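> Take a look at the following structure, please.
The values are calculated or read from the model by the stated rules, or taken from the named source; none is laboratory data. Worth saying up front: this structure is predicted, and the values here are computed from it rather than measured. Every residue, glycine as well, gets a Cβ built from its backbone with ideal geometry; the counts of neighbours run over all protein chains shown. Calculation scope for accessible area: heavy atoms of the full protein, side chains included, ligands and nucleic acids excluded. Shrake-Rupley method; radii C 1.70, N 1.55, O 1.52, S 1.80 Å.
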Amino acid sequence: MKIENDFNDYEAIGDDHIGSSSDTPLRPDAFELSNADKIESIKGDVKHILETLGLDLNDDSLKGTPNRVAKMFVNEIFGGLNPDKKPSASTFDNKYKYGEMLVEKNITVYSTCEHHLLPIVGRAHIAYISNGTVVGLSKMNRIVDYYAKRPQVQERLTIQIVRELQEVLGTEDVACIIDAKHLCVNSRGIRDIESSTVTSEFGGKFKENTKRRELLDYIQLDTQF
Ligand SMILES: [Zn+2]
């Protein structure tokens, strides 16, 4: 039921929004405030946190921090919440009649864990099999970046990327694998610097073992950070 509600809420937010990427739990009034108003409000909140921690915000090094953090939240690391920022869906005809899978490996992922607001850093590998439509290679990087720039959980990010490409390409045959480090695991809590998290979403033909195997062979999962 929760997902259904989010779907309806998110649907109401932007004309251009594609409903299948509706899982981010946004409120219906998410974009009523302008970015400038959001920055101003968050600035006060960050100031409050730092002051509560006992810091002196008159210090030259700290006094710009609330403004910097607020701008970074709204314009950069959470800028992908806004449907207006979604990469345009320009596609091309598959003139070469290339019918095998296309794999875009090692796309850099910078996201933020929504449970701790700490970075998620890693690589995404995306594959699709064209049914007549193709997208520019950089489009895949842009789609990853757009959904990564939200408070995220890695599973949702993986699914959102696949759904978006399925919509854009008009095919189910899309897969995404993300291998990422969560700083909330690496730098605090259990403090395991070596561990990384792998998530995958296999659509259409990628559910078949042979296609999945082929994709994994291309990727070889030897990503170095
Ligand atoms: Zn976390």
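> I want to check the label-to-label distance for TYR96 and THR197. Put each point 7 Å from Cα in the C-beta direction and report it in nm to one decimal.
3.5
> Can you pull the Rg over Rh of the range 142-187, Cα-only, Kirkwood?
1.03
> Here is a follow-up. Show log10 I(q)/I(0) for the chain at q = 0.11, 0.14, 0.18 Å⁻¹, two decimals, from a solvent-free Debye sum over equal Cα scatterers.
-0.63, -0.95, -1.36
> OK, next. Which loop-located chymotrypsin sites (Phe, Trp or Tyr not before Pro) does the range 75-157 contain, where loop means any DSSP state but H, G, I, E or B and the Cβ has at most 16 other Cβ atoms within 10 Å?
Qualifying residues, ordered by number: TYR96, TYR98.
> Given the Cα-Cα distance of ASN67 and GLU155 and 0.36 nm per residue of separation, how much length would full extension add, in nm?
Between ASN67 and GLU155, full extension yields 28.6 nm more.
> Which FRET efficiency value, to the nearest 0.05, is calculated for VAL121 and HIS48 with the Förster distance at 22 angstrom and r the Cβ-Cβ distance? Working shown, then result.
Details: r = 28 Å, r/R0 = 1.28.
FRET efficiency, VAL121 to HIS48: 0.20.
> Using each residue's phi in the range 26-31, evaluate 6.51 cos²θ - 1.76 cosθ + 1.60 at θ = phi - 60° and report the 3J(HN,Hα) Karplus result to the nearest Hz, with x for Gly and Pro.
With the stated coefficients, the range 26-31 comes to 8, 7, x, 8, 4, 10 Hz.
> What is the range 17-152's relative contact order, in percent, from Cα pairs under 8 angstrom and six or more apart in sequence?
It rounds to 25 percent for the range 17-152.
> Of all accessible surface on the chain at a 1.4 Å probe, what whole percent is carbon and sulfur?
With neighbouring chains kept in place, the figure for the chain is 51 percent.
> Also, I was wondering about something else. Name the GluC sites (Glu not before Pro) in the range 57-121 that are in a loop by DSSP and that have at most 11 other C-beta atoms within 10 Å, would you? Don't skip to the end; give the middle numbers.
Details: sites: GLU76, GLU100, GLU104, GLU114; in loops: GLU100, GLU114.
Taking the range 57-121 and a limit of 11 other Cβ atoms within 10 Å, the loop GluC sites (Glu not before Pro) found are GLU100.
> What number, rounded to the nearest 500 deg cm²/dmol, is the helix-based mean residue ellipticity at 222 nm of the chain, given -39500 (n - 2.57) per DSSP H run of at least four residues and division by all its residues? If you can, show how the numbers build up before the last one.
Values: 7 runs with 78 residues, N = 225.
The helix-only estimate for the chain comes to -10500 deg cm²/dmol at 222 nm.
> Right, something else. With a cap of 16 neighbouring Cβ atoms within 10 Å, and only residues DSSP puts in a loop, list the GluC sites (Glu not before Pro) found in the range 29-70.
GLU32
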